[in-house]
1. So how many residues does the range 125-140 have that are in contact with a strand residue (DSSP E or B) (Cβ under 7 Å, 6 or more places away or on another chain) and farther than 15 Å from residue 100 by Cβ?
2. In the range 97-123, what count of residues is obtained for those that are touching a helix residue (DSSP H, G or I) at 6+ places or on another chain (Cβ under 8 Å) and over 17 Å from residue 69 (Cα atoms)?
3. Is it the case that residue 73 is in contact with a strand residue (DSSP E or B) (Cβ under 8 Å, 6 or more places away or on another chain), surrounded by 12 or more Cβ atoms within 10 Å (Cβ to Cβ) and modelled with pLDDT of 95 or more?
4. Which members of the range 132-156 meet the condition of being in a helix (DSSP H, G or I) and either closer than 15 Å to residue 92 by Cα or free of Cβ contacts under 8 Å to residues at least 40 places away in the same chain (or both)?
5. Quick check on residue 89: is it exposed (fewer than 12 other Cβ atoms within 10 Å of the Cβ) and closer than 19 Å to residue 38 by Cα?
């Protein structure tokens, strides 16, 4: 008497359905697919003094970040005890980047020397830095996707 080992197999239609389901699932990979909002707190340290004010820019796209004359959310904030704390409530989840500088003389621009090198302290999210100019969007961007996130920026 021959004994055969039999395998249980799934019918073809179930296999096709599982394959279709697995290949069509979408996992969030970008800001457009993030849903929700939360509170962003930014702590900026490293000021040499409380002189002037802190210019803060939160940018929500590469185009805005790279623009010299626009910001998505901009704030002018007092420096207290060589530190600034910014809180933004109800910020939609997404991808952002932050730029800050100390406007010591309150002339609404970052002052530079003859070579174009800033003479006022500045900083970026992720403490990003760049060669011969500001860091790229990719270096400075961060994903905001939790009910509360705190970011620390040390200015130079």
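1. Total satisfying the criteria: 1.
2. Within the range 97-123, residues that are touching a helix residue (DSSP H, G or I) at 6+ places or on another chain (Cβ under 8 Å) and over 17 Å from residue 69 (Cα atoms) number 0.
3. no
4. 138, 139, listed by residue number.
5. Yes: the conditions hold for residue 89.
The values are calculated or read from the model by the stated rules, or taken from the named source; none is laboratory data. Just so you know, these numbers come straight off a predicted model, no measurement behind them. As a convention, Cβ positions derive from the backbone with ideal geometry for all residues, glycine included, and neighbour counts pool all protein chains shown.
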